[in-house]
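Each remark here refers to the structure printed beneath this line.
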Amino acid sequence: MKFNFLILLLCTFILGSCSSNDDSTEIIQENTIETEDAAPNGIFIDFAHPTSGTATVNTDQTVLNLTDFKSDDGPLLELYLTTGLDVQDYVSLGVLKGLDGDYAYTLPTDIDLNTYNHVVVWCVDFSVNFGYAILK
């Protein structure tokens, strides 16, 4: 008897969790619309050194903000916008403003963020990618 009750309870749970309702579909559709209109952003990923934080472009695409950013120190670190991790085609946003905190960088007015969609912490002296974020 207990076994039958457990099976019935398990089936009810499985069927209930697999059902859908129109409210949840609307919420998913609303979130999808919001993310399509959102400004490009990405999360930093370690490459040669620990690097973390978030890179976000404002809606006017004039400023790149680093939030909760952290990186190791290096002899000369710059922030690059690149077309890929090979860092062959890049635009320098200048010397890294700090290693721990929130920072803002002015974007060039003619930058195409669909092409230059990698934000790279680049060690100029040793040609090393410390870490990167991909803007999506």
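The values are calculated or read from the model by the stated rules, or taken from the named source; none is laboratory data. These numbers come from a predicted model, not from an experiment. FYI the Cβ positions are ideal-geometry reconstructions off the backbone, even for glycines, and counts take in every protein chain you see. Side chains are part of the model used for accessible areas, which takes the heavy atoms of the whole protein and leaves out ligands, DNA and RNA. Shrake-Rupley method; radii C 1.70, N 1.55, O 1.52, S 1.80 Å.
General observations
- Looking only at region 59-71, residues that are more than 26 Å from THR109 (Cβ to Cβ) and surrounded by 17 or more Cβ atoms within 10 Å (Cβ to Cβ) come to 1 in all.
- Checking each residue in region 72-98 for being aliphatic (A, V, I, L, M), surrounded by 15 or more Cβ atoms within 10 Å (Cβ to Cβ) and closer than 17 Å to ILE45 by Cβ picks out LEU77, LEU79, LEU81, VAL87, LEU96.
- The set of residues from region 107-136 being open to solvent by 60 Å² or more (accessible area, probe 1.4 Å) and under 14 Å from ALA55 (Cβ atoms) comprises just one member, LYS136.
- Among the residues of region 39-72, those that are polar (S, T, N, Q) and assigned to a strand (DSSP E or B) comprise ASN41, THR51, SER52, THR54, THR56, ASN65, THR67, SER71.
- Among residues of region 84-95 that are assigned to a loop (DSSP other than H, G, I, E, B), those with a beta-carbon under 7 Å from a residue that is surrounded by 10 or more Cβ atoms within 10 Å (Cβ to Cβ) and polar (S, T, N, Q) at least six positions away or on a different chain give the pairs LEU85/ASN129; VAL87/ASN129; ASP89/THR82; ASP89/THR83.
- Near pairs, Cβ below 7 angstrom, 6+ apart or cross-chain, from region 42-61 (within 23 Å of ASP86 (Cβ to Cβ)) to any residue that is loosely packed, with under 13 Cβ neighbours inside 10 Å: GLY42/LYS136; GLY53/ASP68
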